[in-house]
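Right, one structure below, let's go through it.
The values are calculated or read from the model by the stated rules, or taken from the named source; none is laboratory data. What you are looking at is a predicted structure, and each value in this text was computed from that prediction instead of being measured. We place every Cβ from the backbone using ideal geometry, glycine too, and count neighbours over all the protein chains shown.
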Amino acid sequence: MGQYFNNENLPSNITKIDCFIRGKKFTFNSDNGVFSKNGVDFGSRLLLDFIPLEEVGGKILDLGCGYGVIGIALNKLTGANVDMVDVNLRALHLTEMNVSANKCQNINVFESNVYENVNTRYTSIVTNPPIRAGKKVVYDMLFNAKDYLTDDGNLYFVIRKQQGAKSMISDLEKEYDLEILEKKKGYYIIKCSNKS
């Protein structure tokens, strides 16, 4: 866990990942000490495959952005303005490289421990929460999203069944209008909206 977030002393070995997301080609630089360093993980890919692109325009927050897959893909697929935050400085450096590599515009990358340095509201908050960071961090990311969403904004995230998806859904339904967009191979793609 320590090296997951504090990885300055971990040897760097940058590799390139080429992939297609919703028919569009992307190139990502990855490195030791970041989540899913060898390729886009199944959960993030499923989230990107099933997130309703027509709903996520406007201003997006990619919360816990890692090396930038979700925010960069949504920026290129929708043209939306995207803020990308993470606590992992190596991940943020890679994200900046990947914003440039994919010729993105209207992306702002900055360090933030969950919402610590976030001071605006978004039409969409999108995340593949870092389960390894522990329940407290994940609950902070998901339950406090409502304070950073516009009135008609939505939170989209992916969670695995064996990582407590059912109890998480039950808890979130007390705070949000919740919809399961997709279930596949034990992964849930979930949309949460402010209660109407």
Strands (runs of 3 or more DSSP E) wholly inside the stretch 107-185 containing at least 1 residues that are surrounded by fewer than 15 Cβ atoms within 10 Å (Cβ to Cβ), touching a Gly at 6+ places or on another chain (Cβ under 8 Å) and not hydroxyl-bearing (Ser, Thr, Tyr) = 149-160
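How about the stretch 26-43: which of its residues are over 25 Å from TYR188 (Cα atoms) and either out of contact with any Ser or Thr (no Cβ under 6 Å at 6 or more places or on another chain) or not in a strand (DSSP E or B) (or both)? Write out each step before concluding.
Our first condition is that a residue be over 25 Å from TYR188 (Cα atoms); within the stretch 26-43, this holds for 27, 29-33.
Scanning the stretch 26-43 gives THR27, ASN29, ASP31, ASN32, GLY33.
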key: Selection within the stretch 23-40 - in contact (Cβ under 8 Å) with a residue 40 or more places away in the chain, out of contact with any Gly (no Cβ under 6 Å at 6 or more places or on another chain) and under 26 Å from LEU53 (Cα atoms)   = LYS24, PHE26, THR27, PHE28, ASN29, SER30
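Is there a residue in the stretch 75-87 that is over 27 Å from TYR139 (Cα atoms), among the basic types (Lys, Arg) and part of a helix (DSSP H, G or I)? Show your work before the answer.
So in the stretch 75-87, the residues over 27 Å from TYR139 (Cα atoms) come out as 76-79.
Those still in the list that are among the basic types (Lys, Arg) too: 76.
Still in the running and part of a helix (DSSP H, G or I): 76.
Yes, the conditions are met somewhere in the stretch 75-87.
From the list PHE50, PHE20, which residue is aromatic (Phe, Trp, Tyr) and touching a residue at least 24 places away in the same chain (Cβ under 8 Å)?
Numbers: PHE20 fails: touching a residue at least 24 places away in the same chain (Cβ under 8 Å).
Result of the check over PHE50, PHE20: PHE50.
Check ASP83, ASP41 and return the single one that is charged (D, E, K, R) and out of contact with any Asp or Glu (no Cβ under 8 Å at 6 or more places or on another chain). Show your work before the answer.
Numbers: ASP83 fails: out of contact with any Asp or Glu (no Cβ under 8 Å at 6 or more places or on another chain).
Within the list ASP83, ASP41, the selection yields ASP41.
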Failed item, numbered, when LYS76 is tested on (1) within 24 Å of THR15 (Cβ to Cβ); (2) in contact with a Ser or Thr (Cβ under 7 Å, 6 or more places away or on another chain) = (2)
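Search the stretch 97-106 for residues being in a helix (DSSP H, G or I) and of a type in the set (A, V, I, L, M, F, W, C), and hand back the single one that is nearest to ASP62 (Cα to Cα).
Just the residues of the stretch 97-106 that are in a helix (DSSP H, G or I), to begin with: 97-101.
When the remaining residues are screened for being of a type in the set (A, V, I, L, M, F, W, C), the result is 97, 99, 101.
Working: MET97: 16, VAL99: 13, ALA101: 18 Å.
If we take residues in the stretch 97-106 being in a helix (DSSP H, G or I) and of a type in the set (A, V, I, L, M, F, W, C), then VAL99 is nearest to ASP62 (Cα to Cα).
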remark   = ASP49 passes all but one of the listed conditions (1) in contact with a Lys or Arg (Cβ under 8 Å, 6 or more places away or on another chain); (2) under 27 Å from GLN163 (Cα atoms); (3) surrounded by 14 or more Cβ atoms within 10 Å (Cβ to Cβ); (4) at pLDDT 90 or above; the exception is number (3)
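Of the residues ILE70, ILE21, which is of a type outside the set (S, T, N, Q) and buried (at least 24 other Cβ atoms within 10 Å of the Cβ)? Walk me through how you get there before you give the answer.
Working: ILE21 fails: buried (at least 24 other Cβ atoms within 10 Å of the Cβ).
Matching residue, one of ILE70, ILE21: ILE70.
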note = Only one of (1) among the small types (Gly, Ala, Ser); (2) crowded, with 17+ Cβ neighbours inside 10 Å; (3) touching a residue at least 60 places away in the same chain (Cβ under 8 Å) does not apply to GLY58, and that is (2)
ask   = Looking at the stretch 79-106, which of its residues are over 23 Å from SER12 (Cβ atoms), buried (at least 19 other Cβ atoms within 10 Å of the Cβ) and small (Gly, Ala, Ser)?
value = ALA80
ask   = Is it true that GLU175 is of a type in the set (Asp, Glu), over 20 Å from GLU54 (Cβ atoms) and over 15 Å from the mean Cα position of the chain (by Cα)?
value = yes
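Only one of ASN117, ASN106, ASN98, ASN81 is modelled with pLDDT of 95 or more and at positive phi; which?
Working: ASN117 fails: at positive phi; ASN98 fails: at positive phi; ASN81 fails: at positive phi.
The match here is ASN106.
Mind checking whether some residue in the stretch 52-59 is outside any loop (DSSP other than H, G, I, E, B), in contact with a strand residue (DSSP E or B) (Cβ under 8 Å, 6 or more places away or on another chain) and not charged (D, E, K, R)?
Filtering the stretch 52-59 down to residues outside any loop (DSSP other than H, G, I, E, B) leaves 59.
With the extra rule that they be in contact with a strand residue (DSSP E or B) (Cβ under 8 Å, 6 or more places away or on another chain), the set shrinks to 59.
Narrowing the set further to residues that are not charged (D, E, K, R) leaves none.
Among the residues of the stretch 52-59, not one is outside any loop (DSSP other than H, G, I, E, B), in contact with a strand residue (DSSP E or B) (Cβ under 8 Å, 6 or more places away or on another chain) and not charged (D, E, K, R), which makes the answer no.
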